[in-house]
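Just so you know, all these numbers are worked out from the coordinates, no wet-lab data involved. Since the structure is predicted, the reported quantities are computational estimates derived from the model, not experimental observations. Cβ: placed from backbone, ideal geometry, glycine included. Neighbour counts: every protein chain shown.
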Amino acid sequence: MVYAIVIGTAILLAEGATLTVHFVVGSVSLAYAICAPLFLAVFCGLLLGVLDILIRLMPQNVWRYDKKPLLVSKKEVKFYEKLGIKKWKDKAVPDLGASAGFSKKNLKSTELEYLERFLRETCQGEALHLSGALLAFCFLALYPISDWYFVAPMLAVNFFINILPCMIQRYNRYRLSVVYKFKARHAALATREEKATLNVEEAGGVLSACGDAPQNGAGVRDQTEEEEI
């Protein structure tokens with residue numbers, strides 16, 4: 001809801017600026033004054049849509065949460081907490097992951113496969129919003145410098161509303177990575193213990209078989225001696 005208000009307010013202010021230029025200066029037509037800000041907002045939305053498709057077509061092994069630049073440090077997390085991210089991350093910024101088939105609103109499982117998917121989704125979400133925030137400034141080339149009075153502020157708002165999700169993705173990824181590493185260590189320990197148990201059982205079976213061998217050998221010798229007599 002907050003995002004909708006911010007975007008709507010930015011568009012209305014841009015519309016007011018262009019309409020003022022139309023009526024006061026007269027350098028732009030009425031149709032242009034009305035449509036230009038709306039088209040810019042649509043361009044920014046379409047850019048995110050295209051980027052989302054391209055990002056999801058990339059190989060899955062690209063999204064390594066434990067490698068830079070996707071790696072998040074504890075110092076960075078503390079910086080986000082100073083900005084009060086715990087208070088606004090679930091209220092101000094909508095979760096758009098559900099529209100792509102994976103909601104990041106709540107942690108629904110602690111299974112390793114689910115956590116790996118969640119970590120990958122945070123990496124893709126960060127890449128989407130960061131590229132959308134930066135590449136949108138290319139739209140400045142579509143407008144004459146005389147129109148930057150409304151284009152630049154709208155792109156600044158676009159930058160702001162895309163940077164916030166980037167911060168949230170990185171903050172959540174650090175906390176998820178702690179859970180994932182903990183679960184992975186326990187899973188590895190359980191696997192080692194299971195292998196050790198199997199090895200002990202196999203060794204016991206071998207020892208049992210070796211213990212029966214002399215008895216069988218002795219039986220054969222006794223039978224042979226009886227046949228010779």
Restricting to lysines and to Cα separations under 16 Å from Lys108, and discarding same-chain partners fewer than 8 apart, the set is Lys183
Ordering 10-16, 125-131, 139-145, 149-155 by per-residue average of other C-beta atoms within 10 angstrom, highest first, gives 125-131, 149-155, 10-16, 139-145
In the range 2-188, taking the dipole from +1 charges on Lys and Arg beta carbons and -1 charges on Asp and Glu beta carbons about the Cα centre, the listed residue (Gly45, Trp148, Leu13) farthest towards the positive end is Gly45
The rounded separation in angstrom of the Cα centers of the range 115-135 and the range 10-69 is 19 Å
Placing each pseudo-label 7 Å from Cα in the direction of the beta carbon, Cys35 and Leu71 end up separated by a distance in nanometres of 5.1 nm
Residue-ordered couplings for the range 8-21, obtained by feeding phi - 60° into the Karplus form 6.51 cos²θ - 1.76 cosθ + 1.60 and rounding to whole Hz (Gly and Pro as x), are x, 5, 4, 5, 5, 5, 5, 4, x, 5, 5, 5, 5, 4
Protection proxy (average C-beta count within 10 Å per residue), highest first, orders 36-45, 162-171 as 162-171, 36-45
